[in-house]
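The values are calculated or read from the model by the stated rules, or taken from the named source; none is laboratory data. Every value quoted in this text rests on a predicted model; they were computed, and no experiment measured them. Glycine also receives a Cβ, built like all others from the backbone with ideal geometry; neighbour counts cover every protein chain displayed. Note: accessible area is taken over every heavy atom of the protein model, side chains too, but ligands, DNA and RNA are not part of it. Shrake-Rupley method; radii C 1.70, N 1.55, O 1.52, S 1.80 Å.
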Amino acid sequence: DSDNNLSLYFNPDKKDEVDKLIKSFKEVHIYEYEWNIQKIEPWHLSWKDNFKPIYIDNQIAIIPDWEQSPNFEYVIKIKPGMAFGTGHHETTLLMLKFILKINLLNKSVLDLGTGSGILSIAAKLLGANQVVGVEYDSVCRDNFMENLSINSISDIEYISQDATKWRNFNFDI
């Protein structure tokens with residue numbers, strides 16, 4: 001940085017090795033150093049404070065699994081995880097608005113790049129009789145299945161495959 005300071009972070013069990021290395025540099029360079037212990041905080045949970053429910057056209061509510069269901073016709077509870085899909089992405093919002101305007105009753109729906117399964121779940125709630133979610137990222141599978149369970153849905157097929165290589169487009173939507 002501008003003060004010619006450098007911060008190094010490492011696993012505490014490597015302190016002796018790092019200390020030895022830093023001292024060896026003192027033979028060639030003049031500098032001072034100090035040790036500080038970084039407080040361990042649950043950073044991976046901090047996003048919960050900022051997760052806001054999504055409401056689409058006063059019909060669909062997407063809420064985190066820990067919140068009470070609002071009075072909406074369709075409520076999708078998700079457990080936000082490392083998988084893509086909290087519903088905040090513009091493409092998801094636009095698709096949700098679109099499927100609210102069309103009749104999905106007894107239709108087949110393909111959700112390519114399903115992520116956490118929000119669009120698949122919405123399609124099922126809106127009356128689709130067959131829904132297939134395709135996702136390449138293996139991290140998404142557990143989150144997808146968990147979101148189905150949270151929403152008491154069991155009949156959406158999940159296929160792990162690269163969506164760019166998908167060739168079965170025999171779906172209504």
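A count restricted to segment 112-130 and to residues that are farther than 22 Å from ASP65 by Cα, free of Cβ contacts under 8 Å to residues at least 40 places away in the same chain and crowded, with 17+ Cβ neighbours inside 10 Å stands at 0. Got a number for residues in segment 131-149 being surrounded by fewer than 15 Cβ atoms within 10 Å (Cβ to Cβ) and under 15 Å from LYS77 (Cβ atoms)? Number of matching residues: 2.
The set of residues in segment 12-50 that are modelled with pLDDT under 80, among the polar types (S, T, N, Q) and assigned to a loop (DSSP other than H, G, I, E, B) contains only GLN38.
So is ASN71 at pLDDT 90 or above, open to solvent by 60 Å² or more (accessible area, probe 1.4 Å), closer than 30 Å to ASN143 by Cα and of a type outside the set (A, V, I, L, M, F, W, C) or not? For ASN71, the condition - at pLDDT 90 or above, open to solvent by 60 Å² or more (accessible area, probe 1.4 Å), closer than 30 Å to ASN143 by Cα and of a type outside the set (A, V, I, L, M, F, W, C) - is met.
Determine whether segment 159-170 contains at least one residue that is under 15 Å from ILE62 (Cβ atoms) and surrounded by fewer than 17 Cβ atoms within 10 Å (Cβ to Cβ). No: zero hits.
With respect to ASP137, determine if the residue is touching a residue at least 60 places away in the same chain (Cβ under 8 Å) and assigned to a loop (DSSP other than H, G, I, E, B). The answer is no for ASP137. Among the residues of segment 99-110, are any open to solvent by 80 Å² or more (accessible area, probe 1.4 Å), assigned to a loop (DSSP other than H, G, I, E, B) and at pLDDT below 95? No, every residue in segment 99-110 fails to be open to solvent by 80 Å² or more (accessible area, probe 1.4 Å), assigned to a loop (DSSP other than H, G, I, E, B) and at pLDDT below 95.
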